[in-house]
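Below is one structure, written out as structure tokens; comments come after it.
Every number in this text was worked out from the coordinates using simple rules, so none of it is lab data. A quick note: this is a predicted structure, and the numbers were derived from the prediction, not measured. Here the Cβ is made from the backbone with ideal geometry for all residues, glycine too, and neighbour counts use every protein chain on show.
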Amino acid sequence: MKAAPHSAQFPRDLSRNSGSSQSGSSRGTRASWSNRFTTSKGSVTPVPSLSDDEVAAVSSPGVGPHPQPWPDDPRYDRELLAGGDRRNVTDPYRYWGVDAIVADLDTRRAPLHVAIQNWEHDFNIGSMVRTANAFNVAGVHIVGRRRWNRRGAMVTDRYLHVHHHPDAASLLDWLGEAGVTPVGVDNIPGSVPLEGQALPEHCCLVFGSEGPGLTEELAAACERVVAITQYGSTRSLNAGAAAAIAMYHWSLQWLR
């Protein structure tokens, strides 16, 4: 998409909206400032505007203090009830304590595990962990370095069971004892198209680090290695994107 030319004229003061907080409620209404700008050639181009509700959702995530009287359910955290809940959790878990959320999620965990090789402090790991939380997987396994980049996880690892394994052999021993089948995800020679695969229910999707991919040792130990079919010019997908696609493919078979 082309950028607007330097001479484009944008509204200077976006805060002066009729229906703003200075002039009463405006929930669900559109901001009144012009949603158009004029280019250097004089043409007028529409610019999408956000409703006040949409702006509020972006600028102030979460909810404020819980109104009185407070619920007496022990799952609720009194500090959150008093101060508000700004965490990245779904509405049914608002104001719940971390332990209570984990306990509830444990009652319906998917029998899916996700393993990630962590040799280079890969920034994608956080994104993969966040996706694992979205699918409520039974466990996330970090293989290699204990420290991993948590920024992309958005604190979702608190609600997961995260295991550390110093090497591939340790991971494979754990999976063997738990009766979980390792399935590698990488576009390497010998891999088969993911879209044509029926994955095991008790499965661990195994991912390599961004760039190097799966090590030969771990790829050879997997029951199979699947690859996501691509149609463009790039050699590979981002590891975080590949993990999301693979987890969704598994979920279509076992969580519907």
| said: Output needed for region 109-254: three equivalent-ellipsoid semi-axes, defined as square roots of 5 times the C-alpha gyration tensor eigenvalues, in descending order, whole Å. | reply: 20, 17, 16
| said: Using a 10 Å cut-off around each Cβ, can you sort Val63, Val140, Val129 from fewest to most neighbouring Cβ atoms? | reply: Val63, Val140, Val129
| said: Counting other beta carbons within 10 Å of each residue's own, what order do Trp148, Trp96, Trp174 fall into, fewest first? | reply: Trp174, Trp96, Trp148
